[in-house]
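Chemist: Would you mind keeping the following structure in view while I ask a few things?
The values are calculated or read from the model by the stated rules, or taken from the named source; none is laboratory data. These figures come from a predicted structure and were not determined experimentally. A quick note on method: Cβ atoms are made from the backbone with ideal geometry, for glycine too, and the neighbour counts reach across all protein chains shown.
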Amino acid sequence: MTEFEPKEKFKHLAKIGPNVLQCIACGDCREQTDYTADPPKWGVCVAKEHTSGFEPYFARGKMQIIRSLWQGKLDLSKEMAEVIYQCPTCNACSEACAYDMDNVAMYEALRAELVDAGCGLEAHIPMNKAMVELLNPYERDNRLKAKWLEKLDFKVKDANTEQTENLYFVGCTAALTPDIENVAINSAKIFNKLGIDFSVFGEQEVCCGSVGMRTGDLKAFNSVATKNYEMFKRSGVKSIITSCAGCYRTLKKDYADYMEELGITVYHTIEFLAKYIKENNVELKNSGLKTTYHDPCHTGRHMGLYDEPREILSKISNLTEMKTIKQAAKCCGAGGGVRKGFAELSIDIAKSRIQEAEETGAEYLVSICPFCYRNLADAIEALGSNLKMVDLTELIIQALE
């Protein structure tokens, strides 16, 4: 057996194959830039920036760990997990890589190896257990996912019993977090105002499984993914619209085979609305608010959704960009299980993003991800910042009224 042949011991890394040895340790991933911008926009690995900065905390070190495991020079351990899980899997390192490697795919494969070996992060165990048993990672009664619907003055169709073209997949964070439920409420109001026929699963909505996939618990992920596949199939919907960046990435990319089989197209709410607004010449009022936009990693670097949010924001407000945007945007720090496993690190990363947003002179920090919303809002509070955190749907409903 050559060193390039898959090792049965590492079945998840084996799926990636020879790419696990592709890194040449050049170190460009320590700092990356978006050369398409004028002037170029620099971005830094946020894990490196907010930890000790030693090799294992940024891509080159993690790739060396993967190589050494593959070559039998290292063993999986809980100590290794403590380092590997301090990465929010934002994939900024991939943007800098001359070999165009999907670094996150390798980190997630390594995490799956750690979980299978009983070395996963302890903090993630109850989260993934709840996702399977309660159908959400917040360890809450899933019936609460329908509470936000009570705040609407119109009836939303039930996807379990009523046929519609579009399914609005709310996601656990917006459905179960009182401070963020306005993301769901405003999205539904926009659809209703524009006459878009849609339905929701309500209290029966199952977590997309993103947290399981990102933290390496593939057994938990597959459990909820299978449930969702059956529900989507029964519903007969042709489009799934979601306001959550994590759900969007998971449903569109990790469920790609399911979606192709079922003939379903997955949209982020903003992607769907941008298309609808353009095709139907919908008028939007400019509020004159000073805004700046935060690119969620799961809509941006993971999926390439950059222009649509900016097109809408530019129409309805005065948009000023931060120093690091699009491919070079700094992560909010919440993803990849970091918020759950290393809360202090997660907030520290978010604080640096808030400080960057403040430099624009904006009044409102806008994003299109409930998870980013939650972490950045907490950082605003921790810093005593005057910035106001909003989801783009909040500004769109105002622009329509």
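Chemist: Restricting to region 43-71, count the residues that are surrounded by fewer than 21 Cβ atoms within 10 Å (Cβ to Cβ), assigned to a loop (DSSP other than H, G, I, E, B) and touching a residue at least 12 places away in the same chain (Cβ under 8 Å).
Modeler: Number of matching residues: 2.
Chemist: Six or more apart or on different chains, Cβ under 6 Å: which pairs go from a residue in region 1-27 that's assigned to a helix (DSSP H, G or I) and buried (at least 18 other Cβ atoms within 10 Å of the Cβ) to one that's at pLDDT 85 or above and among the small types (Gly, Ala, Ser)? Could you list them?
Modeler: HIS12/ALA109; HIS12/ALA112; LEU13/ALA109
Chemist: In contact with a helix residue (DSSP H, G or I) (Cβ under 9 Å, 6 or more places away or on another chain), within 30 Å of TRP70 (Cβ to Cβ) and surrounded by fewer than 24 Cβ atoms within 10 Å (Cβ to Cβ): does that describe LYS155?
Modeler: no
Chemist: Next up: For region 376-388, enumerate the residues that are within 14 Å of GLN355 (Cβ to Cβ) and either crowded, with 24+ Cβ neighbours inside 10 Å or of a type in the set (Gly, Ala, Ser) (or both).
Modeler: Listed by number, the residues that qualify are LEU376, ALA379, ALA382, GLY384, SER385.
Chemist: A further question follows. How many residues does region 109-135 contain that are over 19 Å from SER235 (Cβ atoms), assigned to a loop (DSSP other than H, G, I, E, B), within 22 Å of the chain's Cα centre (by Cα) and in contact (Cβ under 8 Å) with a residue 40 or more places away in the chain?
Modeler: Residues meeting the conditions: 2.
Chemist: Another question, then. Does THR226 fit the bill of being of a type outside the set (A, V, I, L, M), under 27 Å from ALA105 (Cβ atoms) and in contact with a Pro (Cβ under 7 Å, 6 or more places away or on another chain)?
Modeler: no
Chemist: Enumerate the helices (runs of 4 or more DSSP H) found wholly within region 254-370, keeping only those where 2 or more residues are in contact (Cβ under 8 Å) with a residue 40 or more places away in the chain and polar (S, T, N, Q).
Modeler: Answer list for region 254-370: 343-358.
Chemist: Restricting the search to region 371-401, which residues are touching a residue at least 12 places away in the same chain (Cβ under 8 Å) and farther than 29 Å from ILE190 by Cα?
Modeler: Within region 371-401, ALA382, LEU383, SER385 meet the criteria.
Chemist: Out of (1) of a type outside the set (D, E, K, R); (2) within 17 Å of CYS172 (Cα to Cα); (3) crowded, with 24+ Cβ neighbours inside 10 Å; (4) touching a residue at least 60 places away in the same chain (Cβ under 8 Å), the odd one out for VAL237 is which?
Modeler: (2)
Chemist: I've got another one for you. Of all residues being within 17 Å of GLU139 (Cβ to Cβ) and outside any helix (DSSP H, G or I) in region 168-200, which is modelled with the lowest pLDDT? Just the residue, please.
Modeler: Among those residues, the one meeting the criterion is THR177.
Chemist: Let me ask something else about it. State all residues of region 92-102 that are surrounded by fewer than 24 Cβ atoms within 10 Å (Cβ to Cβ) and of a type outside the set (Gly, Ala, Ser); if no residue qualifies, say none.
Modeler: GLU95, CYS97, TYR99, ASP100, MET101, ASP102
Chemist: ASP75: assigned to a loop (DSSP other than H, G, I, E, B), free of Cβ contacts under 8 Å to residues at least 12 places away in the same chain, within 18 Å of GLY118 (Cα to Cα) and out of contact with any strand residue (DSSP E or B) (no Cβ under 9 Å at 6 or more places or on another chain), yes or no?
Modeler: yes
Chemist: Right, something else. With respect to LYS285, is the statement that it is among the basic types (Lys, Arg) and over 21 Å from TYR364 (Cα atoms) true?
Modeler: It is false that LYS285 is among the basic types (Lys, Arg) and over 21 Å from TYR364 (Cα atoms).
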